[in-house]
Amino acid sequence: MTIYKALTIAGSDCGGGAGIQADLKTFQELGAYGMSVITAVTAQNTLGVQGVYPIESAAISRQLDSIGEDLEPDAVKTGMLFDAEIIRIVAAKVEQYRWRSLVIDPVMVAKGGSPLLRQEALQTLIKFLIPLALVTTPNIPEAEILARMPIRTLSDREEAAKRFIQMGSKYVVIKGGHDRHADEIVDLVYDGASFVYMESKRVETRHTHGTGCTYSAAVTAQLARGKSVAEAVQTAKSFIQAAIEDQLGIGGGHGPTNHFAYQRRVRGE
Ligand SMILES: Nc1ncnc2c1ncn2[C@@H]1O[C@H](COP(=O)(O)OP(=O)(O)O)[C@@H](O)[C@H]1O
Ligand SMILES: Cc1ncc(COP(=O)(O)OP(=O)(O)O)c(N)n1
């Protein structure tokens, strides 16, 4: 039996909806052996983020080396990286270990508004990490900041997507969850040659905590299994749609998505 291995480099969400926890659950559900390098511990739940505690640099480096020296991930994703020093360490290790199937989810703020990336880290992200990406998966506010332009129309999205390719990412997915005006949600996928629009029905729910982490983890799991980027984003879209539609309804605020939902549907349950 072939074991496909996926690594997430991200923050811990003790509430289990986003971050490392969402990534590992998604890897498992999509048949990839999950590994993690923790960059920060957060205290959060469905009501918000109560605390952020970055991990010291030496511990992050050591975790990356422990994976790199032995376990050879087939695909890697990054989530919450918190500051410029952590981004530099991660970029250096990605290059050192030649992790080519790299998915960058440029996490900046949690849904409640708590910052998960320091402002001073933006240039470091653009200069050192995005050029190493196979796929970058910004939401609209993240794309606006990184591409340095307002995004209101679909042609704005196309222009922003081009800027990510100029930054060095081979593919970009600009996720449409933050476009509140439409019944349909549109994710834009671009590889530098053609634009592909992936549409889905907007689910009216407040239980969307961790959608971005879950989506990018699903892309990563599929890449680890040897799928193309086109196939990976297709499965990730079905995975996140099921996870949002079949809500768990736990917690008093913005609840997590349902990581069981996609496979339950595949099994016909
Ligand atoms: N209410 C929703 N209904 C259906 N799909 C959604 C909804 N919100 C987000 N998505 C999907 O979830 C994924 C993550 O999108 P988004 O919410 O934009 O990112 P983030 O969680 O990083 O802010 C995208 O594929 C998007 O289309
Ligand atoms: C530890 C941690 N990492 C990332 C996030 C943000 O995740 P995301 O999937 O964008 O979900 P929301 O925060 O927007 O619900 C997080 N909250 N915590």
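Throughout, read-outs are computed from the coordinates displayed, never taken from laboratory work. Not measured: the values here are computed from a predicted model. Virtual Cβ from ideal backbone geometry, glycine too; neighbours counted across all protein chains shown.
Computed values, structure above
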quantity: Which listed residue is away from ligand 2 (no atom under 13 Å from the Cβ), closer than 25 Å to Leu134 by Cα and part of a loop (DSSP other than H, G, I, E, B), from Ala193, Ala221; calculated: Ala193
quantity: Residue ID - farthest from Asp74 (Cα to Cα), chosen from residues in the stretch 1-33 that are part of a strand (DSSP E or B) and in contact (Cβ under 8 Å) with a residue 40 or more places away in the chain; calculated: Asp13
quantity: Matching residues in the stretch 1-38 - criterion: being within 15 Å of ligand 2 (Cβ to nearest atom) and on the phi > 0 side of the Ramachandran plot; calculated: Gly16, Gly19
quantity: Cross-chain or 6+ apart pairs with Cβ under 6 Å, the stretch 133-150 first and closer than 17 Å to Thr220 by Cβ, then within 12 Å of ligand 2 (Cβ to nearest atom) and acidic (Asp, Glu); calculated: Thr137/Asp105
quantity: Close pairs (6 angstrom Cβ cut-off, 6 or more residues apart or separate chains): in a loop (DSSP other than H, G, I, E, B) in the stretch 199-212, among the hydroxyl-bearing types (Ser, Thr, Tyr) and within 14 Å of ligand 2 (Cβ to nearest atom) anywhere; calculated: Gly210/Thr257
quantity: Top-ranked residue of the stretch 233-254 - restricted to ones that are assigned to a helix (DSSP H, G or I) and without any contact (Cβ under 8 Å) to a residue 40 or more places away in the chain, ranked as farthest from ligand 2 (Cβ to nearest atom); calculated: Gln234
quantity: Search result, residues across the stretch 100-156 that are within 16 Å of ligand 2 (Cβ to nearest atom), part of a loop (DSSP other than H, G, I, E, B) and aliphatic (A, V, I, L, M); calculated: Val107, Met108, Ala110, Leu116
